[in-house]
Amino acid sequence: MKIDRNKKKHIGILHKALQEQRLSRQEILLLLKSRPGLETDLLFKTARQLREKYFDNKIFLYGFVYNSTHCRNNCRFCYYRKDNTLSKRYSKSKTQILDISCKLAESGVHLIDLTMGESVSLTKNNVEKVFELCNIIVDIKKQTHLPVMVSPGVLSEWALRQIADFGADFYACYQETHNPDLFSRLRKDQSFSQRLAVKQKAARLNLLTEEGILCGVGETLEDVADSFDAIKKLCIDQVRVMGFVPQTGTPMENHPMADVKMELVILAVLRLLFPDRLIPASLDVEGVGGLEKRLDAGANVVTSIVPAGNGLAGVAQNSLDIEDSRRTVAQVEKILLSCGDYEIARPEIYKTWIKQRKKENLKEKIKL
Ligand code: SF4
């Protein structure tokens, strides 16, 4: 009897979500507790229906250029933390970055994601370094005709303004958790409020923003619900959840890997709460083998496409599927075809989405 009541309640909440009615915190928590089997099947189905409403069966692809693995920070979960002597450090030249970006563009990605560890010179407004980054953004856009996302860590408002003025489309900066205590344990000696505020500043400059949640790092379901609230307040345009993968040489190397089922549930609830936003299925956790389940849970962007032969690293899995050329558009396309339900979007569809979103957001974000 009780089981039937729970099932009915679950279906009722999903029905509300499908109608895009506001869900209460209790209802969101109940969805986060969805049990494997019928409950998760229905949750994922609802997430897919909402994705289809806004994006049809179209999937966007992001080319990933991790152009510098040097970082001034010591995040406990990250392979590239400053103190990890095992991590391979490199810094690609402008010519190399442009060459890789052009290869990615030719292969058919919709956006170039320029990611780097947080550098002292960028954070401290070193004018030469900031303009170096700006010029790279300009040249990538000129040569690839694609939108550009930058993830340089926390920047000053002045530096953000420069990258916005020089044509960056997206600014990504993941909080990973919106619980300040957990944040201070994960991102040691970094400011929770500064990292949160930088996304508001970026949004006011009409940069599209991406926020991220890391799961399996000691968060509670209440923490996840808090992250959803924070994402709503920040008017985020793209939001990713990624399961924790233990990294050798870090203080969390013996911490268990995140439960993929939980990552998928969070992803699906994100789609229910933010139906018209971009939600990535990252190749960085399980490689191409993990793509289908993330798309089936409601993702509509494939991130971390990395060309082989350029000595580039990934983030959570620094080498998985890269040098054997499995993180490519061709491989992703094969998987999309085998799933039968998805299609790679034409480039104009992505560009139109970006343009539209910037226009819609202008008024909304100025209020932030
Ligand atoms: S997560 Fe980012 S900021 Fe933290 S150590 Fe890694 S590269 Fe640096």
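The values are calculated or read from the model by the stated rules, or taken from the named source; none is laboratory data. Treat the numbers as computed from the prediction; the structure is a model and nothing was measured. Note: ideal-geometry Cβ built from the backbone for every residue, glycine included; neighbour counts use all protein chains shown. Heads up: the accessible areas ignore ligands, DNA and RNA and are worked out on the full protein's heavy atoms, side chains in. Shrake-Rupley method; radii C 1.70, N 1.55, O 1.52, S 1.80 Å.
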(message) Explain nothing, just the number: relative contact order of the chain, from Cα pairs under 8 Å at least 6 residues apart, as a whole percent.
(response) 21
(message) Between helix 260-273 and the chain, what is the angle of the helix's C-alpha long axis to the longest principal axis, kept within 0 to 90° and rounded to the nearest 10?
(response) 80
(message) Once ligands and nucleic acids are excluded and a 1.4 Å probe is used, how much of residue 154 is accessible, expressed in Å² to the nearest 10?
(response) 20
(message) Going 7 Å from the Cα of residue 261 along its beta-carbon direction, which residues of the stretch 14-52 have the amide nitrogen within less than 12 Å of the resulting point?
(response) 33-41
(request) Report the label-to-label distance for residue 72 and residue 135 in nanometres (one decimal), using points 7 Å from each Cα along the Cα→Cβ vector. (result) 2.2
(message) Output wanted: per-residue J couplings in Hz (rounded whole) for the stretch 14-23, from phi through Karplus 6.51 cos²θ - 1.76 cosθ + 1.60, θ = phi - 60°, x for Gly and Pro.
(response) 5, 5, 4, 4, 5, 7, 6, 7, 5, 9
(message) So if I place +1 on the C-beta of Lys and Arg and -1 on the C-beta of Asp and Glu, and nothing else carries charge, what would the dipole magnitude of the chain be about its Cα centre? I want it in debye, nearest 20.
(response) 900
(request) Quick one: check the C-alpha center-to-center distance for the stretch 212-271 versus the stretch 151-197, whole angstrom. (result) 17
(request) Mind pulling the angle between the C-alpha long axis of helix 127-144 and the longest principal axis of the chain? Nearest 10 degrees, somewhere in 0 to 90. (result) 70
(message) Under a Cβ-only charge scheme (Lys and Arg +1, Asp and Glu -1), can you give me the dipole magnitude of the stretch 1-80 about the Cα centre, in debye to the nearest 20?
(response) 340
(message) I'd like to compare 291-298, 111-118: which one has the highest average count of other Cβ atoms within 10 Å, and what's the full order after that?
(response) 111-118, 291-298
(request) Please give the per residue accessible area of the chain, computed with a probe of 1.4 Å over protein heavy atoms only, in Å². (result) 43
(message) I'd like to know which of 217, 272, 147 lies farthest towards the positive end of the charge dipole of the stretch 57-366, counting +1 on Cβ of Lys and Arg and -1 on Cβ of Asp and Glu.
(response) 147
(request) Compute the acute angle (0 to 90°) between the alpha-carbon long axis of helix 94-107 and the principal axis of greatest extent of the alpha-carbon atoms of the chain; round to the nearest 10°. (result) 40
(message) Using amide H atoms built in the peptide plane, which far-off residues or other-chain residues are under 5 Å from residue 302 H to H?
(response) 60, 61, 62, 281
(message) Can you give me the orientation-averaged projected area of the convex hull built on the Cα atoms of the chain, in nm²?
(response) 17.2
(message) Using Cα-Cα distances under 8 Å and only pairs 6 or more residues apart, what relative contact order does the stretch 45-185 have, in percent?
(response) 22
(request) Provide Rg over Rh for the stretch 1-78; use the alpha carbon set for both Rg and the Kirkwood Rh (inverse mean inverse pair distance). (result) 1.18
(request) Summarise the accessible area of the chain (1.4 Å probe, protein heavy atoms) by the percent that is carbon and sulfur. (result) 52
(message) Can you list, by residue number, the Cys in the chain that have no neighbouring cysteine C-beta under 4.7 Å?
(response) 71, 102, 134, 173, 215, 235, 339
(request) Might you report the magnitude of the Cβ-based charge dipole of the stretch 159-231 about its Cα centre, with Lys and Arg at +1 and Asp and Glu at -1, to the nearest 20 debye? (result) 400
(message) Need one number: % antiparallel among DSSP beta bridges in the chain, to the nearest 5.
(response) 5
(request) First select every other residue whose beta carbon is under 15 angstrom from the beta carbon of residue 127; then total the charges, Lys and Arg +1, Asp and Glu -1. (result) -1
(request) Select from 26, 54, 156 the residue farthest towards the positive end of the dipole of the chain; place +1 on Cβ of Lys and Arg, -1 on Cβ of Asp and Glu, and compute about the Cα centre. (result) 26
